[in-house]
Amino acid sequence: MLRNKNAIITGTNRGIGKAILRKFAENGCNIWACARKKNEEFENEIEEIAKINNVQITPIYFDLSSEESIKEGFKQIYIKRRPIEILVNNAGIGHSALFQMTTNSKIREVFEINTFAVMEITQLALKSMTRQKHGSIINISSIAGLDSYAAHCAYAASKAAIISFSKSLATELALQGIRVNSIAPGATDTDMIPIFEEKANGNLLKNAAMNRYAKPEEIAEVVLFLASDKASFING
């Protein structure tokens, strides 16, 4: 579905991001695999995935809380002189605490990583997409950005901002051949589960009709579809 296309995926060293990386590679996509810190185990793993699927996977490291770090990471992407056709803004942090117990500095940190970094990365990727008049941007939000949950004020607000940002940007870029969509997963079986389960008192799944966590691979299937030409009329 993505043969010979080029994608940037953030947060590829674990969870949903790693599942997306595998799914894209299986479908013939070359990938800039973004993570926060250099990791030999991670590099060996993506090298093996690239070899099995006969694609290029290049590790890129930057800190989402640092605008300068993000720009330095993108310099390594630009130097390859390949078109950026797909951007998946997956990386983020979880946070669960009562609002009155949450400092302003923590709220700013959550927004810096979950919202502002996504906007920064998207601007940098658009330098390529707007020239080629083609592209697909997928932002990973959360069901918390749509529904109300106690002890989620900072996290939920940061993810709601991503949904609104995606809708607005989709309208702005539609006539340039660039689609923008967001996905709002429910509770997914990743290392974020303990962060939210602690405040949920065992009720994290009470609103899940299937009474189970989503698998990262199930979210990756949706990302694959939205990134592909099969979703050519799905926007915003």
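Here are some notes:
- Scanning the stretch 1-45 for residues that are over 18 Å from ASP229 (Cα atoms), assigned to a loop (DSSP other than H, G, I, E, B) and either open to solvent by less than 20 Å² (accessible area, probe 1.4 Å) or free of Cβ contacts under 8 Å to residues at least 60 places away in the same chain (or both) yields a count of 8.
- Some residue of the stretch 184-196 being surrounded by 15 or more Cβ atoms within 10 Å (Cβ to Cβ), modelled with pLDDT of 90 or more and among the β-branched types (Val, Ile, Thr): no
- Members of the stretch 145-171 that are outside any helix (DSSP H, G or I) and among the aliphatic types (A, V, I, L, M): LEU146, ALA150, ALA151
- Residue selected from the stretch 72-110 under the condition among the β-branched types (Val, Ile, Thr) and more than 19 Å from the chain's Cα centre (by Cα), by the criterion surrounded by the fewest Cβ atoms within 10 Å (Cβ to Cβ): ILE79
Residues are listed down the side, and each one gets a yes or a no for (1) in contact with a strand residue (DSSP E or B) (Cβ under 9 Å, 6 or more places away or on another chain); (2) aromatic (Phe, Trp, Tyr); (3) in contact (Cβ under 8 Å) with a residue 12 or more places away in the chain:
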position: ILE70; (1), (2), (3): no, no, yes
position: ILE77; (1), (2), (3): yes, no, yes
position: ILE84; (1), (2), (3): yes, no, yes
position: MET101; (1), (2), (3): no, no, no
position: ILE140; (1), (2), (3): yes, no, yes
position: GLY145; (1), (2), (3): yes, no, yes
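- Pairs linking a residue in the stretch 219-236 that is buried (at least 21 other Cβ atoms within 10 Å of the Cβ) to a residue that is among the basic types (Lys, Arg) and in a helix (DSSP H, G or I), with Cβ atoms under 8 Å and 6 or more positions apart or on different chains, are ALA220/ARG22; ALA220/LYS23; VAL223/LYS23; LEU224/LYS23.
- Tally, over the stretch 49-71, of residues that are more than 16 Å from the chain's Cα centre (by Cα) and over 23 Å from LYS5 (Cα atoms): 4
- Meets criteria (assigned to a helix (DSSP H, G or I), of a type outside the set (Asp, Glu) and open to solvent by less than 10 Å² (accessible area, probe 1.4 Å)) for ALA117: yes
- Among the residues making up the stretch 155-182, those that are open to solvent by less than 10 Å² (accessible area, probe 1.4 Å) and of a type in the set (Gly, Ala, Ser) are SER158, SER166, ALA170.
The values are calculated or read from the model by the stated rules, or taken from the named source; none is laboratory data. Given the structure is predicted, the values throughout are model-derived calculations rather than measurements. Glycine also receives a Cβ, built like all others from the backbone with ideal geometry; neighbour counts cover every protein chain displayed. Quick note on the areas: whole protein, heavy atoms, side chains included, nothing else; ligands and nucleic acids left out. Shrake-Rupley method; radii C 1.70, N 1.55, O 1.52, S 1.80 Å.
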